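Shown next, in structure tokens, is the structure this report addresses.
Values in this text are rule-based calculations from the coordinates and carry no lab data. Treat the numbers as computed from the prediction; the structure is a model and nothing was measured. Neighbour counts are summed over all protein chains in view; Cβ atoms, including those assigned to glycine, are modelled from backbone coordinates with ideal geometry.
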Amino acid sequence: MFFKSNRKLVKGAAPLVLDVAPTPGFFAGTQVPTRYAWTEVEALRAGDHVLTAENGEQEILAVETGTLTVSSHAAAAAQWPLLVPEAALGNAKPMMVSPGMRLVVEDEVASTLFGQPCVSARAESLIGYRGIARARVARPLGHVTLRFDAPQTIATQGGLFFDVADAQGVHNFLPLDDRQARLLVRHLAQSDEAERSRVVSAGWI
């Protein structure tokens, strides 16, 4: 596995430093659906097509790439990637995500708070919910930003859904600001706690 949680740092591992802070995007190794197979994002080029959750097959207009490099110099915490543990947001496996990338959250709590069952929030604003935390890596990570002519919802092989904006910053789902996202996280956590503490009453079978 290519990531290590910042809670269990490898002895002697250097902090992560970004040469240039990347735009919200996917880390190399993340697989997205194409017509015939799951494909790693770093293999995609402008003109290729991916299968979106809302609009079927869509053409990629542009691809921007970058690299997060390891350095002995201290890095600002805001630059670290985030680790989303298995099942935190319905994902089937742990995933590393960019802090500025928007994740789709679907829950009745969102309907109650914002009038829509599906919303999107910056990954960074979900820190603390179900173990989502900043992470450090021990080697460089490739970073890929996909550009489309309209907002798209991209599913990944790990089970996370990303709300990818168009060039004007328009999203498919209601984009929560950080304050709204923290409110959502607080109520989601309360809902989880209530569900765990729910008493199962005996009944006839």
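Points worth noting:
- Summed residue charge, Cβ within 12 Å of ALA88's Cβ, Lys/Arg positive, Asp/Glu negative: 0
- Tail fraction, Cα-Cα pairs, segment 56-173, threshold 19 Å, whole percent: 52 percent
- Set of segment 99-123 residues, backbone N closer than 19 Å to the point 7 Å along the Cα-Cβ line of ARG130: 99-114, 116-123
- In terms of packing, defined here as the mean over residues of other Cβ atoms within 10 angstrom, the peptides 159-172, 51-64, 113-126 line up highest first as 113-126, 159-172, 51-64.
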